[in-house]
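The structure appears below as structure tokens.
The values are calculated or read from the model by the stated rules, or taken from the named source; none is laboratory data. Just so we're clear, the structure is a prediction, and the values are computed from it rather than from any experiment. Note that each Cβ is placed from the backbone with ideal geometry, even for glycine, and that neighbours are counted across all protein chains shown.
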Amino acid sequence: MAAQNCTVSREQLDQCKQKAGRCIDEAQNSLFLLSKDIWSCPELAYEEKKSHDRLVRFFSEEKGWHVEGHYTQETAFRASWGPVGGKEGDDVLNMAFLCEYDALPGIGHACGHNLIAEVGAAAALGLKGVLESMPDCSVRTKVTVLGTPAEEEGGGKVDMILAGAFEGIDVVFMAHPSQEDAPYLPAVAVVDVTAKYYGKAAHASAYPWEGINALDAAVSAYNSLSALRQQLKPDWRVHGIIKHGGVKPNIIPDYTELVFYLRTPKWQDLSTIKAKAEMCFRSAAMATGCRVELEYSKHEYHSILRNTTLDRLYEENGRALGVQFTTDQEVLSSSSGSTDFGNVSFVAPGIHPYFYIGTAALNHTAEYTAAAGAEEAQFYTLRTAKALAMTALDVLLCPELLQRVRDEFAEAKLSEQRGQPQQAGGASTKPQQRPQQAAGASSA
């Protein structure tokens, strides 16, 4: 994707990209140690105290970073460097790199969030290293790293958006481990709902007529939601569990609880699928004489607002580093899981590519946990960080590309608000069901 009117020559841009790679390679030992420390001490959403402290220490020990621990959230942080270059009073271009570091219950870092933290840190170091060697850079630039907790559950990035952490950020970069390399994979919007049924206990054999069976309500709701699927759009998803079904067979259950995830490719459609699911939950209560309480998750996760300009730049830079991106159209066009990066993509243009880590194991499995902590993953992780830093340099040093990124972001937001399919570069991004894996899955 050649751009005119860059502030440096093509040769100089290539030299800057090589410099970014060298800076990342020079830090590879400390980066691997950072990732390994996070991997070795998995912590759940909003509980990532040791991971937070480790990342704060990492940037505090690096020269020139201003580090703010507990930034807007107890386990979030911000590390910033600059602004440098340009002239005093010029607009500042703020390039942000995101780190995730929460784990999954029972199986640790089975989604590789320790590697996401490493990629964000490494890419930021690479970009900073280049800017330090360019005192005459014509663009006044700031590099920001945001530590974003609770992606797997809760939506830490949404908390941070609401707290103003993303204000003033121009472009956002992060990458997620997967089974293949892809500049973009569709992620769907999601909301979690918990249904609690209250009945009346009684002896199930001696006088069952005295009871009100909350398990009957739960089973009825579950079956109604199963039947509802045949009336849902092909790419909508409803799936859940009966979390609490009673305590003993001879006691009519007076309390049951279900947890369901409701997903749609477009965030606007969540209200429709919520209304349909609510009818199933409430009708089950009415049919059995139970009382029902519905509790929705604190935040809804949006679908990712794609920026094909950033995607194509990242793919070009990745190919230059030897990345072999998947060409499987079933994978590229099919929806995976959900992520709170989708919410970020509505407040600033960004990119959320996926990268291979040396294993065919699926995310959210014990096998993937092992792979995420293995030394073999380091080559692929650092290569991804280099591609992100190179992409940031393209946007930074070529104002035409930055304007394309901004224009596409504005157009995509407008299309989404109108409820139209996003068209970017002639490519439809409407996802369909992705078989087998959930590469970028949160809450999956």
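Numbers for the structure displayed
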item: Flag if L397 is farther than 30 Å from L44 by Cβ, touching a Leu at 6+ places or on another chain (Cβ under 8 Å) and buried (at least 19 other Cβ atoms within 10 Å of the Cβ); result: yes
item: Pick from segment 85-119, criterion within 16 Å of T384 (Cα to Cα) and among the β-branched types (V, I, T), ranking: surrounded by the most Cβ atoms within 10 Å (Cβ to Cβ); result: V119
item: Which numbered condition E278 fails, given (1) surrounded by fewer than 20 Cβ atoms within 10 Å (Cβ to Cβ); (2) in a loop (DSSP other than H, G, I, E, B); (3) in contact with a Leu (Cβ under 7 Å, 6 or more places away or on another chain); result: (2)
item: Strands (runs of 3 or more DSSP E) lying entirely in segment 67-174 (those with 1 or more residues that are under 22 Å from I24 (Cβ atoms) and free of Cβ contacts under 8 Å to residues at least 40 places away in the same chain); result: none
item: For E295: the one exception among (1) more than 30 Å from S205 (Cα to Cα); (2) in contact with a Gly (Cβ under 9 Å, 6 or more places away or on another chain); (3) of a type in the set (D, E, K, R); result: (2)
item: Selected residue (criterion: nearest to T369 (Cα to Cα)) from residues of segment 37-66 that are of a type in the set (G, A, S) and either in contact with a Gly (Cβ under 8 Å, 6 or more places away or on another chain) or in contact (Cβ under 8 Å) with a residue 40 or more places away in the chain (or both); result: S40
item: Options L93, L125: the member that is within 18 Å of F58 (Cβ to Cβ), out of contact with any His (no Cβ under 8 Å at 6 or more places or on another chain) and hydrophobic (A, V, I, L, M, F, W, C); result: L125
item: Residues (of a type outside the set (D, E) and assigned to a strand (DSSP E or B)) located in segment 175-187; result: H176, P177, S178, A182
item: Some residue of segment 365-386 being more than 15 Å from M174 (Cβ to Cβ), surrounded by fewer than 20 Cβ atoms within 10 Å (Cβ to Cβ) and at pLDDT below 95; result: no
item: Some residue of segment 230-248 being at pLDDT 95 or above and more than 38 Å from the chain's Cα centre (by Cα); result: yes
item: Check on E62, out of contact with any Leu (no Cβ under 8 Å at 6 or more places or on another chain), surrounded by fewer than 21 Cβ atoms within 10 Å (Cβ to Cβ) and either at pLDDT 95 or above or not assigned by TED's automatic domain parsing to the domain that holds G120 (or both); result: no
item: Count - residues of segment 297-332 that are closer than 24 Å to A392 by Cα and either touching a Cys at 6+ places or on another chain (Cβ under 9 Å) or assigned to a helix (DSSP H, G or I) (or both); result: 14
item: Qualifying residue in segment 286-296 (condition: part of a loop (DSSP other than H, G, I, E, B) and not assigned by TED's automatic domain parsing to the domain that holds L414); result: yes
item: Complete set of residues in segment 199-254 that are touching a strand residue (DSSP E or B) at 6+ places or on another chain (Cβ under 8 Å) and part of a helix (DSSP H, G or I); result: E210, A214, L215, A217, A218, V219, A221, Y222, L225, L228, R229
item: Criterion: of a type in the set (G, A, S), modelled with pLDDT of 95 or more and touching a Pro at 6+ places or on another chain (Cβ under 8 Å) - qualifying residue of G147, G156; result: G156
